[in-house]
Amino acid sequence: MSRIAIGRVLPAVCAAILMIAHAESAPAAPPGVETRVRPTVTGEERSRQPDIWAMEVYYKSVRMIWVDIPDPKTGKTQRELIWYLPYRVVNRQIKGSLPPVGPDGKRPKFVPEFELVTKDNGVQHVYYDEIIPAAQAAINRREGRTGSNRYKNSVEIVGAIPELTDADAKLEQSTYGVAIWRGVDPKTDFFRIFMSGFSNGYIKVGDDRIDRRTIIQEYTRPGDELDQDEGEIKPDGHPEWIYRPSDDAAPKKP
(Lines give C-alpha, C1' and ligand atoms only; values in the text may rest on other atoms or scores of the structure.)
Protein backbone atom coordinates (compact mmCIF):
# COMPACT_ATOMS: atom_id res chain seq x y z
CA MET A 1 0.00 0.00 0.00
CA SER A 2 1.35 3.45 -0.92
CA ARG A 3 2.14 6.15 1.64
CA ILE A 4 -0.77 8.22 0.27
CA ALA A 5 -3.23 5.33 0.80
CA ILE A 6 -1.91 4.69 4.32
CA GLY A 7 -2.24 8.38 5.06
CA ARG A 8 -5.90 8.22 4.10
CA VAL A 9 -6.66 4.98 6.00
CA LEU A 10 -4.93 5.73 9.35
CA PRO A 11 -7.12 8.73 10.31
CA ALA A 12 -10.27 6.68 9.69
CA VAL A 13 -8.95 3.76 11.75
CA CYS A 14 -7.94 6.07 14.61
CA ALA A 15 -11.38 7.73 14.55
CA ALA A 16 -13.09 4.34 14.72
CA ILE A 17 -10.93 3.31 17.70
CA LEU A 18 -11.74 6.55 19.48
CA MET A 19 -15.49 6.04 18.87
CA ILE A 20 -15.32 2.50 20.32
CA ALA A 21 -13.33 3.68 23.33
CA HIS A 22 -15.82 6.49 23.94
CA ALA A 23 -18.79 4.13 23.67
CA GLU A 24 -17.23 1.71 26.19
CA SER A 25 -16.36 4.44 28.67
CA ALA A 26 -19.67 6.33 28.40
CA PRO A 27 -21.98 5.82 31.41
CA ALA A 28 -24.78 3.36 30.75
CA ALA A 29 -28.38 4.54 30.88
CA PRO A 30 -30.53 3.22 33.74
CA PRO A 31 -31.38 -0.39 32.85
CA GLY A 32 -34.97 -1.09 31.88
CA VAL A 33 -34.71 -4.77 32.78
CA GLU A 34 -37.17 -5.86 35.44
CA THR A 35 -36.42 -8.01 38.46
CA ARG A 36 -39.05 -10.72 38.81
CA VAL A 37 -40.26 -12.05 42.14
CA ARG A 38 -42.16 -15.28 41.64
CA PRO A 39 -45.27 -15.86 43.79
CA THR A 40 -43.74 -18.93 45.40
CA VAL A 41 -45.71 -20.57 48.20
CA THR A 42 -44.34 -23.63 49.99
CA GLY A 43 -46.34 -26.68 50.97
CA GLU A 44 -45.70 -25.87 54.63
CA GLU A 45 -47.15 -22.38 54.18
CA ARG A 46 -50.22 -23.72 52.40
CA SER A 47 -50.72 -26.35 55.08
CA ARG A 48 -50.57 -23.67 57.75
CA GLN A 49 -52.74 -21.17 55.84
CA PRO A 50 -54.96 -22.84 53.18
CA ASP A 51 -56.21 -19.50 51.80
CA ILE A 52 -52.73 -18.04 51.25
CA TRP A 53 -52.08 -16.19 47.99
CA ALA A 54 -49.19 -14.26 46.49
CA MET A 55 -48.76 -12.11 43.42
CA GLU A 56 -45.95 -11.98 40.90
CA VAL A 57 -44.01 -8.73 41.29
CA TYR A 58 -41.75 -6.99 38.78
CA TYR A 59 -39.67 -3.92 39.60
CA LYS A 60 -37.00 -1.88 37.86
CA SER A 61 -33.84 -0.37 39.30
CA VAL A 62 -34.07 2.26 42.06
CA ARG A 63 -33.87 5.64 40.33
CA MET A 64 -33.40 9.30 41.16
CA ILE A 65 -34.98 12.44 39.76
CA TRP A 66 -34.76 16.13 40.62
CA VAL A 67 -38.19 17.66 41.12
CA ASP A 68 -39.46 21.15 41.96
CA ILE A 69 -41.86 20.43 44.80
CA PRO A 70 -44.27 23.18 45.91
CA ASP A 71 -44.77 23.94 49.58
CA PRO A 72 -48.55 23.64 50.26
CA LYS A 73 -48.37 26.45 52.85
CA THR A 74 -46.25 29.05 51.06
CA GLY A 75 -46.68 27.99 47.43
CA LYS A 76 -42.93 28.29 46.91
CA THR A 77 -41.09 25.45 45.21
CA GLN A 78 -38.01 23.69 46.43
CA ARG A 79 -35.82 21.46 44.27
CA GLU A 80 -35.41 18.01 45.81
CA LEU A 81 -33.78 14.75 44.80
CA ILE A 82 -36.41 12.01 44.82
CA TRP A 83 -35.68 8.29 44.95
CA TYR A 84 -38.26 6.01 43.37
CA LEU A 85 -38.98 2.40 42.42
CA PRO A 86 -41.23 1.60 39.41
CA TYR A 87 -43.05 -1.72 39.69
CA ARG A 88 -45.94 -3.79 38.38
CA VAL A 89 -47.88 -6.74 39.70
CA VAL A 90 -49.47 -9.75 38.00
CA ASN A 91 -51.94 -12.14 39.59
CA ARG A 92 -50.44 -15.27 38.05
CA GLN A 93 -52.47 -18.46 38.13
CA ILE A 94 -50.12 -21.19 39.33
CA LYS A 95 -50.94 -24.87 39.00
CA GLY A 96 -52.11 -26.30 42.28
CA SER A 97 -52.75 -22.95 43.89
CA LEU A 98 -56.09 -21.66 45.10
CA PRO A 99 -57.50 -18.78 43.04
CA PRO A 100 -57.48 -15.66 45.26
CA VAL A 101 -61.24 -15.14 45.00
CA GLY A 102 -63.53 -15.03 48.01
CA PRO A 103 -66.82 -16.93 48.46
CA ASP A 104 -68.66 -13.89 47.16
CA GLY A 105 -66.62 -13.95 43.93
CA LYS A 106 -64.70 -10.80 44.81
CA ARG A 107 -60.92 -10.56 44.65
CA PRO A 108 -59.01 -9.58 47.81
CA LYS A 109 -57.94 -5.98 48.27
CA PHE A 110 -54.42 -5.01 47.26
CA VAL A 111 -52.71 -2.51 49.59
CA PRO A 112 -48.97 -2.25 48.83
CA GLU A 113 -46.52 -0.70 51.29
CA PHE A 114 -42.86 0.15 50.77
CA GLU A 115 -40.13 0.98 53.28
CA LEU A 116 -36.58 2.01 52.42
CA VAL A 117 -34.26 1.29 55.34
CA THR A 118 -30.66 2.51 55.39
CA LYS A 119 -28.14 0.57 57.47
CA ASP A 120 -24.86 2.46 57.51
CA ASN A 121 -22.48 2.20 60.48
CA GLY A 122 -24.93 0.10 62.42
CA VAL A 123 -27.57 2.85 62.41
CA GLN A 124 -30.93 2.39 60.68
CA HIS A 125 -33.12 5.11 59.22
CA VAL A 126 -36.58 4.29 57.85
CA TYR A 127 -38.10 6.16 54.90
CA TYR A 128 -41.74 5.53 54.05
CA ASP A 129 -43.26 5.72 50.59
CA GLU A 130 -44.83 9.17 50.15
CA ILE A 131 -47.56 10.63 47.97
CA ILE A 132 -45.95 13.55 46.09
CA PRO A 133 -48.05 14.54 43.02
CA ALA A 134 -45.30 16.73 41.48
CA ALA A 135 -42.78 13.90 41.74
CA GLN A 136 -45.27 11.33 40.44
CA ALA A 137 -46.02 13.48 37.38
CA ALA A 138 -42.31 14.01 36.68
CA ILE A 139 -41.64 10.28 37.03
CA ASN A 140 -44.42 9.36 34.60
CA ARG A 141 -43.09 11.89 32.06
CA ARG A 142 -39.59 10.53 32.37
CA GLU A 143 -40.70 6.89 32.12
CA GLY A 144 -43.11 7.59 29.27
CA ARG A 145 -46.12 6.25 31.17
CA THR A 146 -49.50 7.65 30.14
CA GLY A 147 -53.19 6.85 30.44
CA SER A 148 -54.14 3.57 32.07
CA ASN A 149 -50.50 2.45 32.03
CA ARG A 150 -49.20 5.35 34.10
CA TYR A 151 -47.55 4.61 37.42
CA LYS A 152 -50.03 5.00 40.29
CA ASN A 153 -49.03 6.05 43.79
CA SER A 154 -49.68 3.78 46.77
CA VAL A 155 -53.12 5.30 47.42
CA GLU A 156 -54.41 5.29 43.83
CA ILE A 157 -53.37 1.67 43.33
CA VAL A 158 -55.35 0.35 46.30
CA GLY A 159 -58.20 -1.89 45.14
CA ALA A 160 -58.95 -5.45 44.09
CA ILE A 161 -55.88 -7.38 43.01
CA PRO A 162 -55.56 -7.78 39.20
CA GLU A 163 -57.63 -10.37 37.38
CA LEU A 164 -56.05 -13.79 37.04
CA THR A 165 -53.46 -14.32 34.32
CA ASP A 166 -52.99 -17.92 33.18
CA ALA A 167 -49.56 -19.41 33.84
CA ASP A 168 -48.72 -19.58 30.11
CA ALA A 169 -50.64 -16.48 28.96
CA LYS A 170 -48.86 -14.15 26.54
CA LEU A 171 -50.96 -11.16 27.60
CA GLU A 172 -50.60 -10.25 31.30
CA GLN A 173 -53.09 -8.35 33.43
CA SER A 174 -50.61 -5.92 34.99
CA THR A 175 -51.14 -3.09 37.46
CA TYR A 176 -48.44 -0.40 37.50
CA GLY A 177 -47.25 1.54 40.53
CA VAL A 178 -44.36 3.58 41.89
CA ALA A 179 -42.89 3.94 45.37
CA ILE A 180 -41.48 7.41 46.14
CA TRP A 181 -39.05 8.51 48.85
CA ARG A 182 -37.75 11.97 49.70
CA GLY A 183 -34.95 13.18 51.94
CA VAL A 184 -32.86 9.99 51.73
CA ASP A 185 -29.48 10.56 53.38
CA PRO A 186 -26.96 11.28 50.57
CA LYS A 187 -24.30 9.42 52.58
CA THR A 188 -26.24 6.16 52.27
CA ASP A 189 -24.07 3.25 51.09
CA PHE A 190 -26.20 0.28 52.12
CA PHE A 191 -29.95 -0.01 52.20
CA ARG A 192 -32.83 -2.43 51.77
CA ILE A 193 -36.37 -2.12 50.53
CA PHE A 194 -39.28 -3.99 52.14
CA MET A 195 -42.35 -4.56 49.93
CA SER A 196 -45.52 -5.80 51.59
CA GLY A 197 -49.12 -6.27 50.52
CA PHE A 198 -48.24 -8.63 47.68
CA SER A 199 -49.29 -11.69 49.70
CA ASN A 200 -51.72 -12.35 52.51
CA GLY A 201 -49.34 -14.79 54.19
CA TYR A 202 -48.77 -14.35 57.91
CA ILE A 203 -47.52 -16.15 61.01
CA LYS A 204 -48.75 -15.59 64.55
CA VAL A 205 -45.91 -15.27 67.05
CA GLY A 206 -47.29 -15.54 70.53
CA ASP A 207 -50.42 -13.61 71.44
CA ASP A 208 -49.35 -10.11 70.45
CA ARG A 209 -47.37 -10.33 67.22
CA ILE A 210 -48.06 -11.07 63.59
CA ASP A 211 -45.25 -11.55 61.06
CA ARG A 212 -46.43 -10.78 57.53
CA ARG A 213 -45.09 -12.18 54.28
CA THR A 214 -42.87 -9.51 52.76
CA ILE A 215 -40.38 -9.14 49.90
CA ILE A 216 -36.92 -7.86 50.79
CA GLN A 217 -34.26 -6.60 48.36
CA GLU A 218 -30.80 -5.48 49.51
CA TYR A 219 -28.85 -2.70 47.73
CA THR A 220 -25.43 -1.07 47.76
CA ARG A 221 -24.58 2.48 46.69
CA PRO A 222 -20.82 3.16 46.94
CA GLY A 223 -21.18 6.68 45.59
CA ASP A 224 -20.39 10.33 46.22
CA GLU A 225 -22.74 12.18 48.58
CA LEU A 226 -22.12 15.44 46.69
CA ASP A 227 -22.84 14.04 43.23
CA GLN A 228 -25.51 11.38 43.62
CA ASP A 229 -26.04 9.15 40.60
CA GLU A 230 -28.70 6.46 40.25
CA GLY A 231 -26.22 4.37 38.26
CA GLU A 232 -24.30 3.77 41.48
CA ILE A 233 -27.21 1.84 43.02
CA LYS A 234 -26.81 -1.92 42.60
CA PRO A 235 -28.92 -4.81 43.94
CA ASP A 236 -27.04 -6.93 46.47
CA GLY A 237 -28.25 -10.47 45.88
CA HIS A 238 -31.71 -11.61 44.85
CA PRO A 239 -35.11 -10.67 46.31
CA GLU A 240 -36.56 -12.98 48.94
CA TRP A 241 -39.90 -13.67 50.58
CA ILE A 242 -39.56 -13.32 54.35
CA TYR A 243 -41.88 -13.02 57.35
CA ARG A 244 -41.47 -9.65 59.02
CA PRO A 245 -43.09 -8.31 62.20
CA SER A 246 -45.93 -5.90 61.51
CA ASP A 247 -47.54 -3.24 63.65
CA ASP A 248 -50.75 -5.23 63.76
CA ALA A 249 -51.42 -7.14 66.95
CA ALA A 250 -52.72 -10.68 66.78
CA PRO A 251 -56.31 -11.19 67.93
CA LYS A 252 -56.61 -11.76 71.66
CA LYS A 253 -57.79 -15.15 72.81
CA PRO A 254 -61.27 -15.10 74.37
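At-a-glance table
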| item | result |
| --- | --- |
| Thr175 assigned to a strand (DSSP E or B), farther than 17 Å from Val117 by Cβ and of a type in the set (Val, Ile, Thr) | yes |
| Restricting region 115-158 to residues that are of a type in the set (Val, Ile, Thr) and loosely packed, with under 14 Cβ neighbours inside 10 Å, the residue that is modelled with the lowest pLDDT | Val123 |
| Unmet requirement for Lys252, which otherwise passes all of (1) out of contact with any strand residue (DSSP E or B) (no Cβ under 8 Å at 6 or more places or on another chain); (2) at pLDDT 95 or above | (2) |
| Test for Ala169: is it at pLDDT 85 or above and of a type outside the set (S, T, N, Q) | no |
| Counted residues, region 185-217 - those being within 22 Å of Glu44 (Cβ to Cβ), out of contact with any Phe, Trp or Tyr (no Cβ under 7 Å at 6 or more places or on another chain) and open to solvent by less than 10 Å² (accessible area, probe 1.4 Å) | 2 |
| Of residues in region 150-171 being touching a residue at least 24 places away in the same chain (Cβ under 8 Å) and among the charged types (D, E, K, R), the one farthest from Glu113 (Cα to Cα) | Asp166 |
| Any chance Asp104 is assigned to a loop (DSSP other than H, G, I, E, B), in contact with a Leu (Cβ under 7 Å, 6 or more places away or on another chain) and acidic (Asp, Glu) | no |
| Pairs where the first residue, in region 234-246, is over 19 Å from Phe190 (Cα atoms) and the second is assigned to a strand (DSSP E or B) and open to solvent by 70 Å² or more (accessible area, probe 1.4 Å), C-beta under 7 Å, 6+ apart | Tyr243/Arg212; Arg244/Arg212; Pro245/Arg209; Ser246/Arg212 |
| Qualifying position, being under 27 Å from Arg213 (Cβ atoms) and surrounded by 16 or more Cβ atoms within 10 Å (Cβ to Cβ), among Pro112, Pro108 | Pro112 |
| Residue list for region 66-81, restricted to those being touching a residue at least 12 places away in the same chain (Cβ under 8 Å) and either basic (Lys, Arg) or under 15 Å from Tyr151 (Cα atoms) (or both) | Arg79 |
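The values are calculated or read from the model by the stated rules, or taken from the named source; none is laboratory data. These numbers were taken from a predicted model, which means no experiment stands behind them. FYI the Cβ positions are ideal-geometry reconstructions off the backbone, even for glycines, and counts take in every protein chain you see. When the accessible area is computed, the model is the full protein with side chains, heavy atoms only, and any ligands, DNA or RNA have been set aside. Shrake-Rupley method; radii C 1.70, N 1.55, O 1.52, S 1.80 Å.
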